[in-house]
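The values are calculated or read from the model by the stated rules, or taken from the named source; none is laboratory data. These numbers come from a predicted model, not from an experiment. Cβ sites come from the backbone with ideal geometry, for glycine too, and all protein chains shown count toward neighbours. These accessible areas exclude ligands, DNA and RNA; they are computed on the full protein's heavy atoms, side chains included. Shrake-Rupley method; radii C 1.70, N 1.55, O 1.52, S 1.80 Å.
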Amino acid sequence: MLRKPRPDSVIGSQLPPIIKDDVDAMLFSGASYKDVQERLAEDGVKLSREAIRRYYHSQILPARLARQNKTAEELNKISVDGVDEATMRAIRSAALDLAASPSCDPKALSILVNLILKAEQLDQDKRRLKMLEAKAAQADAARQVAQSTLTPEERDAKMRSIFGC
């Protein structure tokens, strides 16, 4: 036999829209069930913490997860090629804030960290390419000196100047 729900057990349809929006905002921002219960009591609405918990898990949590997944998908689409240092600092800061958040979405955090790692790898590749180009220029200069008609002493002096010895 089904029991009739207690009057303090339903949150969604009982509340006026303005109060419901306020409760939603509080729950989205991470307020405790007790804080929400106290806020509702200020407006003369009596709800149990269990009712608030059920509402959170049935309404707010799915919406919050959907928002986080959408954000994660958008972050995953970002290319790190051409991202300036200020943007990378902002991404690092966002990753730190997300990691410190009690409602951290591991998928979104993983995407942010991977984005940071991709950018750092790209920066390392650019530095490596620059070094290789410099070494190739040195090798070309040394090859020209080796094929020149300079005396051995002049050739050694030129080689030292090329390689900085």
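Of the listed requirements (1) more than 30 Å from Phe163 (Cα to Cα); (2) over 12 Å from the mean Cα position of the chain (by Cα); (3) among the small types (Gly, Ala, Ser), Ala100 misses just one: (2). Yes or no: Leu112 in contact with a helix residue (DSSP H, G or I) (Cβ under 6 Å, 6 or more places away or on another chain) and outside any helix (DSSP H, G or I)? Answer is no for this residue. Residue pairs whose Cβ atoms lie under 9 Å apart, separated by 6 or more positions or on different chains, with the first residue in the stretch 21-35 and without any contact (Cβ under 8 Å) to a residue 40 or more places away in the chain and open to solvent by less than 40 Å² (accessible area, probe 1.4 Å) and the second in a helix (DSSP H, G or I) and of a type in the set (S, T, N, Q), are Asp24/Gln59; Leu27/Gln59.
Scanning the stretch 147-165 for residues that are surrounded by 10 or more Cβ atoms within 10 Å (Cβ to Cβ), free of Cβ contacts under 8 Å to residues at least 12 places away in the same chain and in contact with a helix residue (DSSP H, G or I) (Cβ under 8 Å, 6 or more places away or on another chain) returns Ser148, Leu150, Arg155. When Arg67, Arg92, Arg39 are checked against the criterion of being surrounded by 13 or more Cβ atoms within 10 Å (Cβ to Cβ) and within 17 Å of Ile19 (Cα to Cα), a single residue qualifies: Arg39. Taking first residues from the stretch 107-131 that are over 16 Å from Glu73 (Cα atoms) and partners that are modelled with pLDDT under 85 and open to solvent by 60 Å² or more (accessible area, probe 1.4 Å), the Cβ contacts under 8 Å between residues at least 6 apart in sequence or on separate chains come to Leu122/Asp81. Checked against (1) open to solvent by 60 Å² or more (accessible area, probe 1.4 Å); (2) among the hydroxyl-bearing types (Ser, Thr, Tyr); (3) modelled with pLDDT under 80, Ser101 passes all but a single condition, namely (1).
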